[in-house]
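Read through the structure below, which is laid out as structure tokens, and then see the notes.
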Amino acid sequence: MAAFEAIDATSVTERESAEIAGELGLYELELRKPRDAAEHLAWSLERRKALSPAQLRRFTDGLVTAMSFVHTLHLSVDPPDAEVLIDGTPIGAPRRTYTLYFEPGKHLVRARARGRAEGSQGLDAMAKAETTMTLNLSNVAATSAEEGAVASPPKEAAKGSAAVASAARAPGPPASWPGTVRIGGIAVATATAAAGALFLLRAHVVHGDLREGDVRRRAQGWTSSTCRDANAPAACADIHGQIEERNLFATLGKGSLATSALFGVATAASFFTEAALFGTAPAAGGLRAAPVATAEQAGLIVSGAW
């Protein structure tokens, strides 16, 4: 849902957001990505008042199809501000209840909150199945911190320990600037990928409107040469405007995805550059980035911690 979190609410209406989510879900269903399709179609249908009856039918049918390939989890979390992680990855803003979709296989659902004991539960996901799960995080007793505390070391020993810890944490030049460059590259790649996805989705929506309008006009007797006649109807100007809008968004989308792929490759290459220049391998707990691309889309998979 990163692309939708990047939408500027002042420039995109709720109807447009719902349409984009639904069209993206149907597109993902064609690409055989039922989990992503179910997530985006459900997001769109939550805003059903903004959809037309035809869109409501299409998106509902798509969600039914997607759910036949995934496991549906109805999750409740207490406290509601707890962070939820699926297989180690946070899933977004905290809330009390979630409806989540999983590909078949084994998964781990975790929740954590400040001052609470972490809760987790395994899930053996199966297609066409539904599960209800509740994670209640208990308060951490104040005495547990006291029992785990150790006596303060002598003053001199404490100074020595602090100096050693500081020296261990301080990164040298080879470890500091590559990390900064990678974070910048990841940020640019992610932003351009999100923008590209939105541009292409908008082009797809406009193209769908043009196609539906063409069907209506042909039923009214229009032909392919109607807008080329000297006495062309006034509606032809709107049609040309839609075509230009579709082509513009398609071009912007492809350019943004190409830029994202370029920065993704450059970020991945920085790992090999660091090893070649400084003779050191990236830390096992650092960032790992891998660019991915298909004939229709491109992006960057990033894992690790920073």
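The values are calculated or read from the model by the stated rules, or taken from the named source; none is laboratory data. Just so it is clear, the model here is predicted, and its values are computed rather than measured. Cβ: placed from backbone, ideal geometry, glycine included. Neighbour counts: every protein chain shown.
Do you know which residues across the range 80-137 are on the phi > 0 side of the Ramachandran plot, of a type in the set (G, A, S) and more than 19 Å from the chain's Cα centre (by Cα)?
G105, G115
Between a first residue in the range 225-246 that is in contact (Cβ under 8 Å) with a residue 24 or more places away in the chain and a second residue that is surrounded by 13 or more Cβ atoms within 10 Å (Cβ to Cβ), which pairs have beta carbons less than 6 Å apart while being 6 or more apart in sequence or on different chains?
Q242/V206; Q242/L210; E245/V206; R246/A203; R246/V206; R246/H207
Those residues that are of a type in the set (V, I, T) and touching a residue at least 60 places away in the same chain (Cβ under 8 Å), I need them from the range 193-224; list them, please.
Correct list: V205 only.
Condition check: in contact with an Asp or Glu (Cβ under 6 Å, 6 or more places away or on another chain) and not acidic (D, E). Does A54 satisfy that?
When the stated conditions are applied, A54 does not pass them.
Would you confirm whether or not the range 216-224 contains a residue that is modelled with pLDDT under 85, of a type in the set (S, T, Y) and part of a loop (DSSP other than H, G, I, E, B)?
Among the residues of the range 216-224, at least one is modelled with pLDDT under 85, of a type in the set (S, T, Y) and part of a loop (DSSP other than H, G, I, E, B), which makes the answer yes.
Look through L100, L108, L123, L85 and report the one residue that is farther than 20 Å from W43 by Cα, surrounded by 13 or more Cβ atoms within 10 Å (Cβ to Cβ) and either touching a residue at least 40 places away in the same chain (Cβ under 8 Å) or not β-branched (V, I, T) (or both).
L123
Can you name the residue in the range 243-266 that is under 19 Å from the mean Cα position of the chain (by Cα) and either at pLDDT 85 or above or β-branched (V, I, T) (or both) and, of all such residues, is surrounded by the fewest Cβ atoms within 10 Å (Cβ to Cβ)?
A258
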